[in-house]
1. Suppose we keep only residues that are among the basic types (Lys, Arg) and at negative phi within segment B:410-424. Which one would you say is farthest from the other protein chains (Cβ to nearest Cβ)?
2. Just name the residue that is most open to solvent (accessible area, probe 1.4 Å) out of those in segment A:245-254 that are in a helix (DSSP H, G or I) and in contact (Cβ under 8 Å) with a residue 24 or more places away in the chain.
3. I need the full set of residues from segment A:289-308 which are surrounded by fewer than 24 Cβ atoms within 10 Å (Cβ to Cβ) and away from every other protein chain (no Cβ under 11 Å), in order please.
4. Please tell me if residue B:399 is open to solvent by 10 Å² or more (accessible area, probe 1.4 Å), at the interface with another protein chain (Cβ under 9 Å from one of its Cβ atoms), of a type in the set (A, V, I, L, M, F, W, C) and in contact with a helix residue (DSSP H, G or I) (Cβ under 6 Å, 6 or more places away or on another chain).
5. Condition first: farther than 30 Å from residue B:33 by Cβ, buried (at least 23 other Cβ atoms within 10 Å of the Cβ) and of a type in the set (Val, Ile, Thr). Now tell me which residues in segment B:406-442 satisfy that.
6. Taking residue B:430 and the conditions (1) assigned to a strand (DSSP E or B); (2) within 13 Å of chain A (Cβ to nearest Cβ), which numbered condition does it fall short on, given that it satisfies the others?
7. Being surrounded by fewer than 22 Cβ atoms within 10 Å (Cβ to Cβ), of a type outside the set (S, T, N, Q) and within 18 Å of residue B:168 (Cα to Cα) is the filter here, so list the residues in segment B:221-244 that pass it.
Number of protein chains: 2
Amino acid sequence: MPVTVPVTGSSTYWCEHAWLPGGVASGVRIDVADGRITVVSTGQPRTGSVREGLTLPGLANVHSHAFHRALRGRTHHDRGTFWTWRERMYALAERLDPDSYYRLARGVYGEMVLAGYTSVAEFHYLHHAAGGTPYADPHAMSAALVAAADDAGIRLCLLDTCYLAGGFDVELRGVQPRFGDGTAEAWAERVTGFSPRADHVVLGAAVHSVRAVPERALSVVAECANGRPLHVHLSEQRAENEDSVRALGRTPTRVLDDNGVLGPNTTAVHATHLTNGDMSTLARSRTRACFCPTTERDLGDGIGPATSLAERGVRLCLGSDSHAVIDPFEETRALELNDRLAAEARGRFAVDELLAAATAHDALGMPDAGRLEPGARADLVTVDLRSPRTAGIEADGVFFAAGAADVTDLLVAGRAIVRDRQHRLIERPHAVLTDEIERLWRS
Amino acid sequence: MPVTVPVTGSSTYWCEHAWLPGGVASGVRIDVADGRITVVSTGQPRTGSVREGLTLPGLANVHSHAFHRALRGRTHHDRGTFWTWRERMYALAERLDPDSYYRLARGVYGEMVLAGYTSVAEFHYLHHAAGGTPYADPHAMSAALVAAADDAGIRLCLLDTCYLAGGFDVELRGVQPRFGDGTAEAWAERVTGFSPRADHVVLGAAVHSVRAVPERALSVVAECANGRPLHVHLSEQRAENEDSVRALGRTPTRVLDDNGVLGPNTTAVHATHLTNGDMSTLARSRTRACFCPTTERDLGDGIGPATSLAERGVRLCLGSDSHAVIDPFEETRALELNDRLAAEARGRFAVDELLAAATAHDALGMPDAGRLEPGARADLVTVDLRSPRTAGIEADGVFFAAGAADVTDLLVAGRAIVRDRQHRLIERPHAVLTDEIERLWRS
């Protein structure tokens, strides 16, 4: 049963262990007022609301296509090639409307919160009704996502995505007109008209990819973003690079750089197949890279150059993307472990580097979230250290052992959204998901 | 609180869905008597003990070093190289005795059962007291493992491992004398003397590796195995191959084949770095390959040639090995998903091929387990299909979505070992693990 929880007011939490900027400390008292942390002190006696286990800062899901959740465990027919996946993804996109998307996203964001995510960047491209006709409210789909995030108690960075073409010199076809606005200028006009009144929402923009946004339109998107978060799918598969070089004579990274898309507010999603020159360009422009390891393995994209990017100073972050898996612990350890598979060596990142990737809120335009320190947003994620999975570990080894099922408690802006493994705002998000996904595939 | 459950007697189970040899069926009635399935019928009305969700055949963990569980979440210091891991693994081996190993293994096997494993092959090499001195009962360590498995209600294939050298022409050193018996003949004599009276135990043998068993000793082990399960670590890392070629002029696979170690009762564990000739040799000799994907990524071993082996007819099975992760669903999907990462393509195995790998009991000398059909052992694993992770999936997509936390009920030989996610024979195996692992690292 949903319950009312106070947004403001002050509280005190006592954490058995908490991962502070300097490392894991014990007996940590965290005072919270009006949604922000006011005081953090260590070695304190038990007081206030007790949090057994390890309390982490808020975890950021930097790349989400919420509706892909309805594909989980449904794309393995005939062994499940890439084409099985894409055919089902398009079939799903065809069926959604603002009402059903709201219901589905509400369940998905509820699952994210139960798993430990306190914020999500939604890379949103399903804008219009069939054939590309705008809804009566042209922001109906965006509003559905904002409402879903609000219901689920998760922070949302809504990235309104420009998607104009079906490939290099290929028009939108099939369901794709639902994604398009005709021109970048029309996209920008629509985007500018949306300003939801919601405390936990940041608005940003996205270039779907160099395949889907013609080169002449890239600078329009970059200018419209104007300092807000700007995301772009980059070099997820080798074919994109080959097509880009064939059509435009340059790698996707070069094309984006030539048109002002890269920079300190930009996040390149995937960044799987890069040349050395591409990596240097991302580093020089201070562009971030968002890896989506569980999706990149599901889609057979390959293993991205995580350590090579990090060595050049590129900041890394993480997203669950297609939601084949929603588990920030699995996503984070995969950053390290996939790199081990590629390098055939252990010891690629230190655990504080993994925590930094898991909590990177800059990419969402929320620079004051993701740290347990005074002044920061009071987003706290508590993990059971005595579950079958985590029993016997050292606290800062949590990313190698824990899973989504180990999150016991979670606060966003000082609100208790998860308590004792139960979502307090949505009764059983998984029941919502079951109902909505079965309804979608029946329709 | 441990409770007494009847070993014999007859029962009827009604499964919402069950994965039968022909695929997933609904409304499945499974009748059980004296530990075996007597009747399976589909499309039946609810009756007997109801199992909501999907019921799978028993899942086999074909490769385990139980004591490595105490390393989970504890080998990431200084980034955690291979040497960090090995140094800690040896430190741990040094501390164990029959009493502490019994307590630790009891918790580990309890965790396995909670995660859905109904049987385990223990690749056991920690035989003797410090310096290699036999215990008063020379089988004290083996007996500890048998007792632990019995307590946990899991079937055990105990692979007594021959371990004679620290490398090619290198003596045992440090803690390693605890693993050794001096000669293969002495190993065989000790092995032959052990015959526990335990219903759920199969005895087998293992060659640690071509590094640890000199070539002249290999045939002694193979002869001693004499048709029982025989396992061997094979080509986990490239260095083993290079050392083998340098020392013996042949790949490890060739060395094993030349000495009668390969064959239909043999399981090659890892099989990560193989030549085409090696793969043909495994196929021709009808040797199985046991992949341990979550360990192979943890140790940076690399991605083994799963599809190449399968195409040649080599039967695949799976193990959790070092127990960095104990989750048969994660292990099984990683067989598919790591192959996608290597191939940069989806659709490597069909779901029934994944099920076959997850349930392969031949490698444990238990050919009548791992299938839901009349005459088979009554090992049943029921998975929640409406958890946050599994909500909305198709039942046969379970290996892509479920996790250890989704196992609700589990029977071994008709005994209910897990009920409503609780172990019925060990109260909270994770509490056992926490206590024992903390004690071991303190000592």
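The values are calculated or read from the model by the stated rules, or taken from the named source; none is laboratory data. Because the structure is a prediction, the values reported are computed rather than measured. Positions of Cβ are backbone-derived with ideal geometry, glycine not excepted, and every protein chain shown enters the neighbour counts. Note: areas computed on protein heavy atoms with side chains; ligands, DNA, RNA excluded. Shrake-Rupley method; radii C 1.70, N 1.55, O 1.52, S 1.80 Å.
1. B:415
2. Checked segment A:245-254; the qualifying residue most open to solvent (accessible area, probe 1.4 Å) is A:246.
3. Of everything in segment A:289-308, those that are surrounded by fewer than 24 Cβ atoms within 10 Å (Cβ to Cβ) and away from every other protein chain (no Cβ under 11 Å) turn out to be A:305, A:308.
4. no
5. B:432, B:437
6. Only one criterion is unmet by residue B:430, namely (1).
7. Within segment B:221-244, B:238, B:239, B:242, B:243 meet the criteria.
Residue-by-condition table, conditions (1) more than 24 Å from residue A:87 (Cα to Cα); (2) assigned to a helix (DSSP H, G or I); (3) at the interface with chain A (Cβ under 9 Å from one of its Cβ atoms); (4) at pLDDT 95 or above:
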position	(1), (2), (3), (4)
B:338	no, yes, yes, yes
B:348	no, no, yes, yes
B:370	yes, no, no, yes
B:373	yes, no, no, yes
B:381	yes, no, no, yes
B:393	no, no, yes, yes
B:408	yes, no, no, yes
